[in-house]
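Every read-out reported here was derived from the displayed coordinates using simple, explicitly stated rules and does not represent laboratory data. Everything numeric here is computed off the predicted structure, so don't read it as measured data. Reconstructed Cβ throughout: ideal geometry from the backbone, glycine too, with neighbour counts over all protein chains shown.
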Amino acid sequence: MPDAFWFRPWVRVAGAAVLALLVAGAVLVWRGPLPAPRPLGRDPVPAERDFTATPPDCGVTRPAVAALVPGGTLTRDGGVPEADGVTCEWSALEATGRLTVTLTLRHAGPGVANATGPGDSSAAAAMSRYAALAVETRAQARPVAGLGDEAFASRDGGQGREVVFRTGNLIASAEYVATEITGRKGRRALEARLQAGASRAAADVARSLGVPAHPHAAAVRPAPAPVALPDSACGLIPADLRKRLAGGDAETGPETADPLAAGGAVANAATAACFVRGPGRRLTVTLTTGTRTPGLPVPDVDYEYLRRYRDARAEPPVSAHGARYFHALSGLGDRAYEAYVEGSQYPGETVVSPARVVVRTHGGVLVTVTYGTVPDTGSDPLTEDDAINGAYAVALRVVRGVRG
Amino acid sequence: MRLPVSRRTRVIAALAAAVAVAVVLTVLVRGGGAGAPLVAPRYGPDPVPALRTLSAHDLPPRCGVRAATVRRYAPGGHAGAGRRAHCQWYSLNAGRKRCGFCPSNGGDRERVLEVVISTGTTPTLGRSAGGDALRALDPAGLVTAGTPGRTVTGLGDEALYRYSPALDGGATLTFRVGAAVATVTYSGRDFFTHRMPGEVPEKSAKPAVLAAAADVAGALHARARPAFTPAGPGPVPLRHVPRPCDLVPGAVAGRLAAHATRTRAPVPPAIAAAVATQSGLAADTCAWDAARHLSVTLAWRPDRGRTLAVPEATRLYRESHEDARATGVRALRDLGDQAYAAYGAPPDQRTAEVTYRYRDVIVLVTYSGATDAPLPRATALTGAYTAAVHTFAALSGSGHA
């Protein structure tokens with residue numbers, strides 16, 4: 001082809017256009033120092049059990065009833081598989097005790113109306129309820145080992161003892177109440193008898209469910225040392241990163257609610273937060289610390305991390321063909337995960353399909369980063385990769401800042 | 001070398017064609033969806049007649065219970081001749097001991113026959129008398145309270161029996177005549193000297209409520225021959241309930257709510273109220289939100305077998321249909337097994353709703369404009385109906401059935 005061809009005006013214009021497209025494409029593809037791929041870890045959380053029915057007579061055996069409530073008759077409330085729970089109570093005029101066992105099933109996921117939030121793990125929903133029970137009995141709760149996934153024992157407020165345990169999506173409580181009146185001298189022996197009775201009934205229930213059924217007192221661990229948080233998390237997000245993710249004119253502020261906090265398990269939490277809102281984009285960062293609820297097996301922050309982890313792992317996309325991504329991460333804090341689910345939206349939030357990176361730092365801070373698209377602004381939606389990379393980049397810097 | 005003119009023309013024409021194809025593809029991908037036609041609603045006669053309410057004058061003296069029935073099951077009890085909507089007969093030791101609700105001792109036998117008739121003239125706020133009456137007879141609603149009810153045939157329009165000493169103190173038989181609901185309860189306790197009191201046994205309570213309910217139904221000019229007839233297998237439920245986002249083709253969603261992002265959304269109030277009060281009801285909602293809002297909700301009971309799945313969905317549909325009458329409801333043809341359209345329901349009163357049942361699944365499609373730019377009624381209804389037609393095509397023709 002002669003050189004004259006390349007110097008024709010329309011050929012030069014077309015060539016310039018092609019060059020401009022190539023440059024624009026390169027700029028779009030090269031997005032700067034966002035960290036990808038991330039170091040992925042193996043999934044450390046075992047799959048949860050999902051019970052759909054409760055055992056007959058709440059799982060309590062006849063020998064246990066004969067020993068605890070001699071001559072006792074059973075009254076049941078509920079007991080159909082689709083109900084939320086069942087209560088079995090044994091009592092008798094001649095007996096000096098009354099035994100009440102309540103089993104509660106929690107269900108979550110698409111199709112299940114879940115008033116506590118967008119959770120999709122039935123076990124996580126049960127964790128929320130279990131944590132609430134532990135908080136209610138905060139002062140009296142004592143951790144119990146060897147029973148279900150987690151258990152605690154407490155006074156029931158009157159002359160009785162209660163053992164509560166959770167396994168998968170099922171929460172069981174066994175309450176043994178004395179109907180006899182004792183003097184001060186006999187009280188200690190009575191309390192020991194009530195505790196042993198409640199434990200025996202709870203162990204029966206656990207055995208009927210095929211889960212650990214050897215309750216014994218666990219060591220009471222001290223609460224973690226308090227961690228000082230900054231007034232706002234905004235200072236932990238570098239300005240260039242903020243600009244890259246939400247645009248130069250992004251609005252920033254410290255007041256925001258943690259979008260993942262619905263149904264949360266952290267009692268008396270201290271938080272520091274930041275939101276960054278630009279055209280079609282919203283980024284949130286929340287730092288959370290807490291103490292230790294006596295009935296929970298781990299500090300509140302660790303418990304909440306596990307609850308969120310299970311929910312994120314179980315969450316499906318809106319469509320059978322929708323994008324979904326969930327991974328445990330390594331090298332980021334003490335433990336971390338990242339998630340992206342197409343169509344996910346938190347109650348009261350405008351962000352659609354936010355990527356989430358949640359980190360439990362070595363210092364005991366729960367770092368939650370969300371980054372997603374705000375529709376209706378004319379901006380193109382974030383891609384799955386862009387959303388996750390952006391959230392991860394922020395989490396990396398925030399975790400470094402918290403540690404520093 | 002110069003290209004021949006004809007060849008240059010072909011190159012330019014090819015470039016122009018490529019640009020045109022790119023533009024069309026962009027419009028389609030971006031949600032223009034101009035190719036998806038709208039479908040005007042096909043209205044038809046309402047196959048669900050409105051339920052009739054009763055007036056106070058329709059209620060018989062002493063709730064319609066015959067004196068012979070009282071003598072047999074609550075001897076010595078007196079309801080008072082002026083009572084019509086709420087009657088109660090208290091009997092202690094077969095009428096030999098006269099003491100109204102006094103503390104009882106060992107050996108005493110207490111029986112209480114009670115009838116309550118709701119005429120349906122004061123419906124729950126935001127609902128209808130017919131919907132309230134249907135819900136009162138909903139077996140799923142009673143399951144929530146602990147003990148499932150058993151269907152009774154030949155009594156009123158429909159009837160439900162339950163024996164639950166813990167909840168009712170005995171047996172209860174509830175039946176419906178139009179939008180009126182009568183509840184007959186037979187309760188009581190046997191007192192022992194050295195044992196806890198025992199509730200009235202079912203072998204005594206069941207015939208009592210059946211006899212009294214037959215009296216009441218007869219006095220209300222309704223069917224009055226109660227019988228327990230086991231239900232046979234019902235119609236086949238859907239094998240698999242899909243995600244609602246997968247039921248609306250992209251072109252249709254793009255036409256109705258351009259540039260929208262689809263999300264999993266909260267269940268609309270019409271279905272959420274049922275989910276909150278009825279056991280085992282599942283619901284899943286997909287929303288397309290932009291300048292216009294489209295949502296599709298599926299509601300079903302995943303744990304019901306073939307006997308109950310479709311009948312209970314039919315009941316839920318009818319409850320919804322009755323409640324929607326308040327805002328003006330029009331029955332639709334050729335959409336699922338039964339369908340209606342409504343416009344103007346709370347809270348915004350600018351939303352079109354198309355509700356239909358297909359086998360055991362209730363489908364609710366809502367369509368509306370922005371708060372400051374509401375859609376005209378006809379436009380909103382056409383949009384909702386168009387989406388509904390596509391959801392039905394997907395539900396019925398893609399292997400879910």
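List of remarks:
- Only Cα pairs under 8 Å and 6+ residues apart enter the sum, and on that basis the relative contact order of the stretch B:285-401 stands at 25 percent.
- Diffusion constant of the stretch A:282-340 at 4 °C, which comes from Stokes-Einstein with the Kirkwood Cα-pair radius and 1.567 mPa s, µm²/s: 96
- Going from the fewest other Cβ atoms within 10 Å to the most, the residues B:TRP89, A:TRP10 appear in the order A:TRP10, B:TRP89.
- Each residue of the stretch B:158-174 is assigned a 3J(HN,Hα), and the resulting list reads 6, 8, 9, 10, 8, 10, 8, x, 5, 9, 10, x, x, 10, 10, 10, 10 Hz, derived from the Karplus form 6.51 cos²θ - 1.76 cosθ + 1.60 (θ = phi - 60°), x at Gly and Pro.
- Rounded if a/c under 1.5, otherwise prolate or oblate - the stretch B:256-332, Cα gyration tensor axes: oblate
- Sequence ranges A:320-332, A:277-289, ranked by mean other-Cβ count within 10 angstrom, highest first: A:277-289, A:320-332
- Ordering A:LEU296, B:LEU238 from the fewest to the most neighbouring beta carbons within 10 Å gives B:LEU238, A:LEU296.
- Neighbour counts of other Cβ atoms within 10 Å put A:TYR176, A:TYR337 in the fewest-to-most order A:TYR337, A:TYR176.
- Alpha-carbon centroid distance for the pair the stretch A:269-308 / the stretch B:55-92, whole angstrom: 62
- FRET E, pair A:HIS362, B:ASP303, Förster distance 35 Å, beta-carbon r, rounded to 0.05: 0.20
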